[in-house]
1. Short version: ³J(HN,Hα) in whole Hz for each residue of the range 508-518, in order, from phi by Karplus 6.51 cos²θ - 1.76 cosθ + 1.60 (θ = phi - 60°), x for Gly and Pro, what are they?
2. Counting only DSSP beta bridges with both residues in the chain, tell me the antiparallel percent, nearest 5.
3. Can you list which of the trypsin sites (Lys or Arg not before Pro) found in the range 405-460 are DSSP loop residues with at most 10 other C-beta atoms within 10 Å?
4. If we restrict to alpha carbons, what Rg and Dmax does the chain come to, in Å?
5. Order the peptides 279-285, 346-352, 561-567 from the highest to the lowest mean number of other Cβ atoms within 10 Å of their residues.
6. Dipole magnitude of the range 446-602 about its Cα centre, charges +1 at Lys/Arg Cβ and -1 at Asp/Glu Cβ only, in debye to the nearest 20?
7. Work out the length of the dipole vector of the chain about its Cα centre, built from +1 on the beta-carbon of each Lys and Arg and -1 on the beta-carbon of each Asp and Glu, and round it to the nearest 20 debye.
8. Starting at 0 and stepping by 5 Å, how many percent of the alpha carbon pairs of the range 1-123 end up in each bin?
Amino acid sequence: MLNSTLDKVIRTTKAHINELSFMGINTLEDLLLNFPWRYSDDGEFVTVDCLNTFESLSCKGTLKNVIGTRTRTGKFMLTCKLVDETGEIDLMFFNQEYLKRILRNGVEVVVTGKIKEQGSRKKMLSPKWEVFNPNKPLVHSGGLIPVYNQSGKINSKWLREKIHPLLEFTNLLKDPLDSDIREKYKLMDFNEAVKNLHYPSSQEDLINARFRLGFEELLYINLKNLVSKQYQKLECSFTGKKMDMDLYDIEDFLKILPFKLTNAQLRAIAEVQEDLSKDRSMSRLLEGDVGAGKTLVAAASIFIAVKSGFQALIMAPTEILANQHYKGFVKLMTQFGMNIQVLTGSLTAKQKEQVKIGLKNGLIDIVVGTHAIIQDSVEFRNLGLAVIDEQHRFGVNQRAFLKKFGKPHVLAMTATPIPRTLALTIYGDQDLSILDEKPAGRKEIITRLVPESKRQESYYWIESQVKAGRQAFVICPLVEDSDIIESKSVVSEFDRLREVVFPNLKVGLVHGKMKQNEKDQVMLDFRDKKYDILVATTVIEVGIDIPNSSIIVIEDADRFGLAQLHQLRGRVGRGEHQSYCFLFVKSRSENTRTRMKAMCDHSDGFKLSEIDLELRGPGEVFGTRQSGIPDLKMASLSDTKLVKLTQEAAQEIFDMDPSLEKFPILIDRMHRSIKEFDL
């Protein structure tokens, strides 16, 4: 029955069936699992004398004086009066001629809406309505009413009318979780949860139903991670890329550094070294705040790989970053006689060919570049380690490409400071190393929320700093002015700053609509001090180091999340000079004040991301597509208690049967769920 197609279950037109199919709803089960995205709380019925112009209320009464007429333009209009023991109101409906067959004198109905007052008369225009039958439950009014996603001819009222009489079939839904799990975690039965998500009998039942379905969503993600991790272990076992080297053997590398590594860096290097010493390929994510020293951990890992007789590659999201990594690694690695080269799209055909030959015959130990490295024509003699910087920015599955290179160890890096519990859920198929310390002696960036009244004063101060030899960024949220969004654009701000505010300074411009080589050239010119001030969008969020830049001004800072503001702030503070971040906002809301205060009070990216998660949710904080965060329907990844519970439950189920073959219903539901999340 649950697999029955909808044309055999509901009475409707072929056009409606096609529209449902477009929405991904083809069977009775699909329809039952098509949940509301919100609820309208119409509450208890009120009498006519309690209706007002301020709020939408539901009222039950009897119709009289029902008249169907046409306007001067020929449109149908139905007018009538709704009467109860306290009074009457006028009702008016437009362009719904079929109503004259349903709404007749003496019919008892429930209407929901706001009234308009004309003198002593009360009027309700096109209210929601429903015929009242004391022997049947109400579908569109009275209590918590489901509101569904709409598409074409399919609206919420239509879906309510179709779904409500089918709720008895929820008893056919099999529960994917066994009774022990349900009892241990106090979960509502699956069919009861589905029923209550459509028509909850109370707020408490709705909360319990959402908790049950939210628990499942997170459980499936955690199970998927466990299965994926096991698959990687089996797939990458016995690769022959075992590297026998312990932490003390890299003393030669550590002693050339002009500073002492943090305990977090040493811990991460030890974790990587342990992975590299095994026969199976490493899959580790190195997560660290801006300036935490991820690159040095990667360098130590590469040192181990090359000293063990293997080649290594470093992939960066942009060519300009690849070149920066190349210059940094050259300084470190050439001291040990290692041959390091760069491979990017801007090299000549002859230069690329020379690098490819060196990689194939093993003369090149380390190659740095962009995705050009993993093209089909590139071959390695013995690739042992791949380091991927900002992995989510590539938009492809690097591991699939790297398989052809003999399944090397993979170390991925991200500067997005995601709290550990959340990171273990999102990136649960990878092992995790977190750099939660910053190198000693690094100056904190002074951050201030600047009132509009002090804008000119701040400009005078910035100009004095530039004349003293410093440089500054100015960040705007938009590229060009918009009629829809009231916010500053880089194009208009660039013109204003160059012509009005700083006519005696050299002002540059960079934004996402420019070609990549143009953006790279502007950034190089800024680094080489050809510009004093660079006006930019968030394209500079991941960019090359500009040690001389000590000021960043962020316009309309209220339009950015805390995680992104912190990333932008990290563009300064990379040199010896004290650095500053000035925030300008338009909004005066409580939420804006809370977030800006957090920016001024905290320099720890992990703390800021936790605050941002509480205020906005993970999808908005990190971006559902960019960071791989699933767009959940019931659960919230910021609910750390639920995340931990589902991690525990997933491990418990996995330990019972790693293949999950004992849980066929769970597997089916998990595959359906993961497909919806696009994981």
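Taken together, the values in this text are just the output of simple stated rules run on the coordinates, not laboratory data. Everything numeric in this text was worked out from a predicted model, so none of it was measured. A quick note on method: Cβ atoms are made from the backbone with ideal geometry, for glycine too, and the neighbour counts reach across all protein chains shown.
1. Once rounded to whole Hz, the list reads x, 9, 8, 7, x, 7, 7, 5, 4, 5, 5.
2. Restricted to the chain, the bridges split so that about 40 percent are antiparallel.
3. none
4. Cα only, the chain: 31.2, 98 Å (Rg, Dmax).
5. My ranking of the peptides, most packed first, is 561-567, 279-285, 346-352.
6. Charge dipole of the range 446-602: 380 debye, to the nearest 20.
7. 1600
8. 2, 9, 15, 13, 12, 13, 13, 12, 7, 3, 0, 0
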